[in-house]
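Just below is one structure, and these are the notes that go with it.
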Amino acid sequence: MQTNELESIVDSARQAFARAAAPADLENAKALFLGKSGRITELMKGMAALSVDEKKSRGAAINLAKQAIEAALNGRRQALADRELDAQLKAEALDVSLPGRLREPGSVHPVSLTLERIERIFASMGFDVADGPEIESDWHSFTSLNNPPNHPARSMQDTFYVDINGDDGIPYNLRPHTSPMQVRYAHQHIKKHAGKPTMPEIRVIAPGRTYRVDSDATHSPMFHQCEGLWLGENVSFKDLKVVFTDFCRTFFESDDLALRFRPSFFPFTEPSAEIDIQFQTGPLAGRWLEVAGSGQVHPTVVGNMGLDPERYIGFAFGMGPDRLTMLRYGVNDLRLFFDGDIRFLSQFR
Ligand code: PHE
């Protein structure tokens, strides 16, 4: 048996190891040479028939070949392991020079901006700001406001109902307007001043969410309203005109804004008026735009507040902050306010 043959085995082992692209391939290649029936193992087995001297020199030569193969194997093992580690490091590499991910600051929702604005303006005119429940009793939403029992506003086509009955056996509703706050707030006010010689005038606004079965470009099933109520012994329609005109001109920052009180009907006010505004300049100039319902609080409602209608008189109004926001910023689709699209909302930052 020639050293040549051993060299060629070592050579082909080196080549086989070099071809192994993954550790598993390498182990398979190893078996071909060092495994139970590998070529080196076979050579060892073949020595049984040799003489003692031959065994010595032959054994030494085979051992050298075996060591060479093992060295090649270990070298390749290391190379494959290095390569794997390299790939892993590369995959997990952190580029510390990349710019960080920006966290954009949030911003106040445009309708909230309007509500804050409304509150600030009315607060400056001595109005309290009150908050009320969005799930209301039938009495507060309708009956206390002088709605007859079969008033269409009560219908399921207009008002959302909750699956829970109130004490009167009638399901609670998602308030379709903020007007229930008139009676609620009056009750709180009376309680607060009970026993005192005089009761201060009621002067309050109540902004908040309201709900109606309605949905298109200018109606959303959830929308906002802001109720206003000024009740005293000597509060007249004239005061309503002054207060609301002042509010609109301040809100829109326009002194030549025109207002129109157009006769209308609400069960809870008499007389009643829709309030329209007209810009003198800008893209909406010349058009009358409805912004609120209003009127002198109906004596029946004053009575339901627990006050004497012969003594207390005043006005109420209900306006739409969503509408005011659309007019102020020139937004033409109400639904944009409630889609939660950051591309729209970030423009109000
Ligand atoms: N609640 C009425 C509406 O939703 C608005 C209104 C409020 C009218 C107060 C008069 C007085 O349309």
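Taking a virtual spin label 7 Å from the Cα of residue 311 along the C-beta vector, which residues in region 169-191 bring their backbone nitrogen under 12 Å of it?
Answer for region 169-191: none.
Which number gives the lysine pairs in the chain that have C-alpha atoms under 30 Å apart and are eight or more places apart or on different chains?
19
Which value in nm describes the separation of the simple spin-label points at residue 215 and residue 288, placed 7 Å from the Cα toward the beta carbon?
It works out to 3.3 nm between the two label points.
Identify the residues of region 230-245 with backbone N under 12 Å of a label point that sits 7 angstrom from the Cα of residue 199 along the Cα-to-Cβ direction, or state none.
Counting backbone N atoms under 12 Å from the label point, the list is 231-233.
Treating the beta-carbon of each Lys and Arg as +1 and of each Asp and Glu as -1, no other charges, what is the dipole magnitude of region 110-348 about its Cα centre, to the nearest 20 debye?
It works out to roughly 380 debye.
Is region 265-331 best put as rounded, prolate or oblate by its Cα gyration tensor, with a ≥ b ≥ c the root eigenvalues, rounded for a/c under 1.5, and otherwise prolate when a/b is larger than b/c, oblate when not? Each step should come with its number before you reach the end.
Working: a/c = 4.04, a/b = 2.87, b/c = 1.41.
Note, shape of region 265-331 comes out prolate.
Loop only per DSSP, at most 11 neighbouring Cβ atoms within 10 Å: give me the GluC sites (Glu not before Pro) in region 65-165, ordered by residue number.
92
Does anyone have the angle between helix 23-34 and the longest principal axis of the chain? Alpha-carbon axes, 0 to 90°, nearest 10?
10
Would you kindly compute the Cα radius of gyration of the chain and its largest Cα-Cα separation (Dmax), both in Å?
Every Cα atom of the chain included, Rg and Dmax give 43.4, 137 Å.
Please list 80, 336 from largest to smallest accessible area, probe radius 1.4 Å, with all protein chains kept in place.
336, 80
How far, in degrees from 0 to 90, does helix 180-192 lean away from the longest principal axis of the Cα atoms of the chain, to the nearest 10?
70
Using 1/(1 + (r/R0)^6) with R0 = 45 angstrom and r between the beta carbons of residue 92 and residue 113, what's the FRET efficiency to the nearest 0.05?
0.50
Quick check on packing: order 301-307, 122-128 by the mean number of other C-beta atoms within 10 Å, highest mean leading.
Details: 301-307: 20.0, 122-128: 15.0.
Ranked from most to least packed, the peptides come out as 301-307, 122-128.
What FRET efficiency comes out for residue 5 versus residue 85 if R0 is 30 angstrom and r is the Cβ-Cβ distance? Round to the nearest 0.05.
0.20
Taking R0 as 22 Å, what FRET efficiency do you get between residue 101 and residue 333 from their Cβ-Cβ distance, rounded to the nearest 0.05?
After rounding, the FRET efficiency stands at 0.10.
If you line up the long axis of helix 3-19 against the longest principal axis of the chain, both from Cα atoms, how many degrees apart are they, to the nearest 10?
Helix 3-19 and the main axis of the chain meet at about 10 degrees.
Can you tell me which of 179, 51, 144 moves the most in a GNM of the chain? Springs connect C-alpha atoms under 10 Å apart.
Highest fluctuation among the options: 51.
Sticking with the crude label model, points 7 Å out along Cα→Cβ, report the distance from residue 341 to residue 78 in nm, one decimal please.
Result: 6.2 nm between the two label points.
Counting other C-beta atoms within 10 Å, and keeping those with at most 14, which DSSP coil chymotrypsin sites (Phe, Trp or Tyr not before Pro) do you find in region 148-245?
Counting only loop positions with at most 14 other Cβ atoms within 10 Å, none of the chymotrypsin sites (Phe, Trp or Tyr not before Pro) in region 148-245 qualifies.
Just to check I understand the Karplus step: with θ = phi - 60° and J = 6.51 cos²θ - 1.76 cosθ + 1.60, what whole-Hz values come out for region 110-115, glycine and proline as x?
Karplus-based 3J(HN,Hα) across region 110-115 equals x, 5, 5, 4, 5, 4 Hz.
Using DSSP to call loops (not H, G, I, E or B), can you name the trypsin sites (Lys or Arg not before Pro) in region 182-290 whose Cβ has at most 13 other Cβ atoms within 10 angstrom?
Answer by residue number: 287.
Taking a quarter of the surface of the convex hull around the Cα atoms of region 22-105, what do you get in nm²?
Its Cα hull, projected and averaged over all orientations, spans 8.2 nm².
Go ahead and set up a Gaussian network model of the chain, Cα springs under 10 Å, then flag whichever of 326, 199, 47 fluctuates most.
47
What are the residues whose amide H is under 5 Å from the amide H of residue 128, where those residues sit 5 or more places off or on another chain and H is modelled from the backbone?
203, 204, 205
Could you tell me which of 243, 178, 344 has its Cα farthest along the dipole of the chain towards the positive end, charges placed at Cβ (Lys, Arg +1; Asp, Glu -1), taken about the Cα centre?
Final value for the positive-end residue is 344.
Please compute the modelled spin-label separation between residue 300 and residue 37, points set 7 Å along Cα→Cβ, answer in nm with one decimal.
Distance between the two pseudo-spin positions: 10.5 nm.
Which whole-angstrom value gives the distance between the alpha carbon centres of region 12-32 and region 135-208?
What the calculation gives is 85 Å, centre to centre.
The values are calculated or read from the model by the stated rules, or taken from the named source; none is laboratory data. Because the structure is predicted, anything quoted here is derived from the model rather than measured. Counting neighbours? That spans all protein chains shown, and the Cβs are built from the backbone with ideal geometry, glycine included. Side chains are part of the model used for accessible areas, which takes the heavy atoms of the whole protein and leaves out ligands, DNA and RNA. Shrake-Rupley method; radii C 1.70, N 1.55, O 1.52, S 1.80 Å.
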